[in-house]
Amino acid sequence: MPETSPASPRIDTSKPHPARVYDWFLGGKDNYPVDEALGRQITAMEPTAKYGARHNRWFMQRATRMLAARLGVRQFLDIGTGIPTEPNLHRIAQTAAPEASVVYVDNDPIVLAHAEALLRGTPEGVTRYLQADAREPAKILELAGGILDFDRPVAVSLIALLHFIPDDQGAYDIVRTLVDALPSGSHLVLSQLASDYDPERTRQAVEMYAAGGVTLVPRSRAEMTKFFDGLELLDPGIVWLPDWHPELAVDEDREDGTPVPLYAGVARKA
Ligand SMILES: C[S@@+](CC[C@H](N)C(=O)[O-])C[C@H]1O[C@@H](n2cnc3c(N)ncnc32)[C@H](O)[C@@H]1O
């Protein structure tokens, strides 16, 4: 069963939610008119926004392939998971290693509603969902500690999540708390909306999200780099999302070469 806070919040359809706007970008059905309205506004200004969402999923898939199949990682903690799409992280990890353990975390009740779909993993492995807020990393570590073994390497992923968490809500402290809890050989997987790709369009996107009550925090390359302080970035370092190990792609439709204004990087804790 998914684990939840004692009082699970209800789905609020009066304002857009990142998970549901994102679902609309991906062509899903788990969104409401408020989410679609914001999605349409964003794509009217930036037609590639939908493509960016697909690129995030593909980056998650490529990074998981690298970690599970090439680097032997067997434990995954994915925070800000989103509404499931196929193949999800556990499918990729458990295809490479059926015994892999995967813990998903999100704070949106709509993701909780889909947790059952997330939980269908291999019998040899572990696949669990926690309803928790990234701004409470100690709580996430405590709950995940009952499932994962923090004496063995864990890959922690925050993919397209940190741009919903301002610095003054602890974005850097969250990453630091999580990384500090990991043993040597663990990895950190991040993607983040860039502030220095097309500043004017990004500013407009920030305003549109703000009008819907959602805070969006684009960051520069230097600010993205700071999340990896003290860690060893894997080759090729911090790059535009589609440029992170494109050779690991399976079934990706990359034909149009649309630029994607998000940074991506994976680093190892020595
Ligand atoms: C843009 S989606 C990204 C989903 C997935 N990681 C991907 O890249 O395809 C961002 C996700 O982060 C979740 N999220 C936003 N703020 C969060 C928070 N404070 N704690 C936990 N999850 C959060 C949203 O509910 C949403 O599912």
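What number of residues in the stretch 13-52 are under 23 Å from ILE79 (Cβ atoms) and among the polar types (S, T, N, Q)?
So the answer is 1.
State whether one or more residues within the stretch 63-71 are more than 23 Å from PRO109 (Cα to Cα), crowded, with 20+ Cβ neighbours inside 10 Å, in contact with a Ser or Thr (Cβ under 6 Å, 6 or more places away or on another chain) and modelled with pLDDT of 90 or more.
No, every residue in the stretch 63-71 fails to be more than 23 Å from PRO109 (Cα to Cα), crowded, with 20+ Cβ neighbours inside 10 Å, in contact with a Ser or Thr (Cβ under 6 Å, 6 or more places away or on another chain) and modelled with pLDDT of 90 or more.
Can you work out which of the residues in the stretch 59-88 that are farther than 11 Å from VAL189 by Cβ and in contact with a His (Cβ under 7 Å, 6 or more places away or on another chain) is farthest from the ligand (Cβ to nearest atom)?
PRO84
For the stretch 1-105, give me every one of the helices (runs of 4 or more DSSP H) that falls completely inside it and has 1 or more residues that are more than 25 Å from LYS269 (Cα to Cα) and of a type in the set (Lys, Arg).
Qualifying helices (runs of 4 or more DSSP H): 18-25, 33-45, 49-65.
Please indicate, with yes or no, whether at least one residue in the stretch 220-240 is surrounded by 18 or more Cβ atoms within 10 Å (Cβ to Cβ) and touching a His at 6+ places or on another chain (Cβ under 7 Å).
Checked the stretch 220-240: no residue is surrounded by 18 or more Cβ atoms within 10 Å (Cβ to Cβ) and touching a His at 6+ places or on another chain (Cβ under 7 Å).
Within the stretch 198-217, can you find the residues that are farther than 14 Å from MET45 by Cβ and surrounded by 15 or more Cβ atoms within 10 Å (Cβ to Cβ)?
Listed by number, the residues that qualify are VAL214, VAL217.
Can you tell me which residue within the stretch 182-217, out of those that are among the acidic types (Asp, Glu) and out of contact with any Lys or Arg (no Cβ under 8 Å at 6 or more places or on another chain), is farthest from ALA267 (Cα to Cα)?
GLU207
Name the residue, out of ASP23, ASP12, ASP106, that is crowded, with 19+ Cβ neighbours inside 10 Å and either away from the ligand (no atom under 15 Å from the Cβ) or more than 26 Å from GLU142 (Cα to Cα) (or both).
Being crowded, with 19+ Cβ neighbours inside 10 Å and either away from the ligand (no atom under 15 Å from the Cβ) or more than 26 Å from GLU142 (Cα to Cα) (or both) holds for just one of ASP23, ASP12, ASP106, which is ASP23.
Considering only residues that are away from the ligand (no atom under 12 Å from the Cβ) and either part of a loop (DSSP other than H, G, I, E, B) or over 16 Å from THR85 (Cα atoms) (or both), look in the stretch 112-127 and name the one that is modelled with the lowest pLDDT.
Ranking the candidates gives LEU119 first.
Mind counting the residues in the stretch 154-174 that are more than 11 Å from the ligand (Cβ to nearest atom) and within 19 Å of the chain's Cα centre (by Cα)?
Count: 6.
Condition first: in contact (Cβ under 8 Å) with a residue 60 or more places away in the chain and small (Gly, Ala, Ser). Can you find one or more residues in the stretch 119-132 that meet it?
yes
The values are calculated or read from the model by the stated rules, or taken from the named source; none is laboratory data. Every value quoted in this text rests on a predicted model; they were computed, and no experiment measured them. Here Cβ is always computed from backbone atoms with ideal geometry, including for glycine, and neighbour counts include all displayed protein chains.
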